[in-house]
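Engineer: Before I ask anything, let me first share the structure, which is written out below as structure tokens.
Please treat every number below as a calculation from the coordinates, not as lab data. A quick note: this is a predicted structure, and the numbers were derived from the prediction, not measured. No Cβ is skipped: glycine too gets one built from the backbone with ideal geometry, and neighbour counts run over all protein chains shown.
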Amino acid sequence: MTKVGILISGRGSNMAALLDAMARGEVPARCALVVSNVPLAAGLQAAASRGVPTAVVDHRASASREEHDAKLLEALSAAGVEILCLAGYMRLLSPAFVRAFENRLLNIHPALLPAFPGLHAQKRALDRGVRFSGCTVHLVDEECDHGPIVLQAAVPVLPGDTEETISARILRCEHKLYPAALKLLCEGKVRVAGGRAELLLSPQEYLPLLRGLMDMGENG
């Protein structure tokens, strides 16, 4: 069974969604380690309460990003982590770290990339008057909120929506989308070629998944 690692900086709501999906057997993997760069991150207790090993690699104890990432990589390697998920990890990763997990490092972003990368994506989407927003799970490369897209789900922007209401609707969608993307990666059904992530699914396999993603956005 694939060993997954999760990086967090805060409460870890997406982490919890991933852990619960693994515990239910929906994702063929187990979490070998949850690591936070923030010692008092609430997500650490949430992971520990589920029986998942945790660790703290405080970035303030390192003189550089590269030094911190080397410590992080050591902890993940010792746990045997094969696939790594970012779940509210509020630090940019060094190129060397990203290369160490090339095509095995997932992130989720609350927008339909490549639109609105970076912080406050929901507010910027509303400010531009978009009719749909959503979330994206992508493989991480050396650019921020970049890299091959694995799955996306669109969420309608409703009349009267605020940053808070659309953010909450997108977050509910994230909690379903992220486990679905991790499942595909664990099953070897994602192949990167030419800068794109190809899903190794037949039309008969993909169409129910696509319908599920559409329902997810409408009912998220």
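Engineer: Find which of Ala197, Met214, Thr136 sits farthest along the positive direction of the dipole of segment 107-220, computed with +1 on the beta-carbon of Lys and Arg, -1 on that of Asp and Glu, about the Cα centre.
Structural biologist: Going by the charge dipole, the pick is Met214.
Engineer: Contact order normalised by length for segment 1-43, with contacts defined as Cα pairs under 8 Å and 6 or more residues apart; what percent is it? Could the numbers behind the result be given before it?
Structural biologist: Working: 61 pairs, mean separation 25.3, N = 43.
About 59 percent, as a whole number.
Engineer: If you don't mind, another one. If a/c stays under 1.5 just call it rounded; otherwise compare a/b with b/c (prolate if a/b is bigger, oblate if not). Do that for segment 107-220, with a ≥ b ≥ c from the square roots of the Cα gyration tensor eigenvalues. Please report the intermediate quantities before stating the final value.
Structural biologist: Working: a/c = 2.33, a/b = 1.44, b/c = 1.62.
Here segment 107-220 falls in the oblate category.
Engineer: Work out the FRET efficiency for Lys189 and Asp127 from their Cβ-Cβ distance, taking R0 = 35 Å, and round it to the nearest 0.05.
Structural biologist: For R0 = 35 Å, the calculated efficiency reads 0.45.
Engineer: What are the radius of gyration and Dmax of segment 25-74, computed over its Cα atoms and given in Å?
Structural biologist: Expressed in Å, the Cα Rg and Dmax of segment 25-74 come to 12.7, 41.
Engineer: Need one number: convex hull volume per residue for segment 1-101, Cα atoms only, in Å³.
Structural biologist: 83
Engineer: Let me ask something else. Want the number for Met1 to Leu119: 0.36 nm per residue separation, take away the alpha-carbon distance, what's left?
Structural biologist: The Met1-Leu119 span can extend by a further 39.1 nm.
Engineer: Something else: Only Cα pairs under 8 Å and at least 6 apart count here; give the relative contact order of the chain as a rounded whole percent.
Structural biologist: Relative CO of the chain lands at 19 percent.
Engineer: Still on this model: Say we join alpha carbon atoms closer than 10 Å with springs in a Gaussian network model of the chain; which of His138, His146, His120 then has the biggest fluctuation?
Structural biologist: His120
Engineer: Moving to a separate point now. Would you mind pulling out the separation of the Cα centroids of segment 1-62 and segment 104-124, in Å?
Structural biologist: 21
Engineer: Turning to a different aspect of this structure: Note the count of lysine pairs whose C-alpha atoms are less than 24 angstrom apart in the chain, limited to pairs 8 or more residues apart or on different chains.
Structural biologist: 6
Engineer: For Arg24, Arg11, what ranking results if the residue with the fewest other Cβ atoms within 10 Å of its Cβ goes first?
Structural biologist: Taking fewest neighbouring Cβ atoms as first place, the list is Arg24, Arg11.
Engineer: Magnitude of the Cβ-charge dipole of the chain, K/R +1 and D/E -1, about the Cα centre, nearest 20 debye?
Structural biologist: Approximately 300 debye in magnitude.
Engineer: Further, regarding this structure: Report D for the chain in µm² per second (integer): Stokes-Einstein, Kirkwood Rh on Cα pairs, 4 °C, 1.567 mPa s.
Structural biologist: D = 73 µm²/s.
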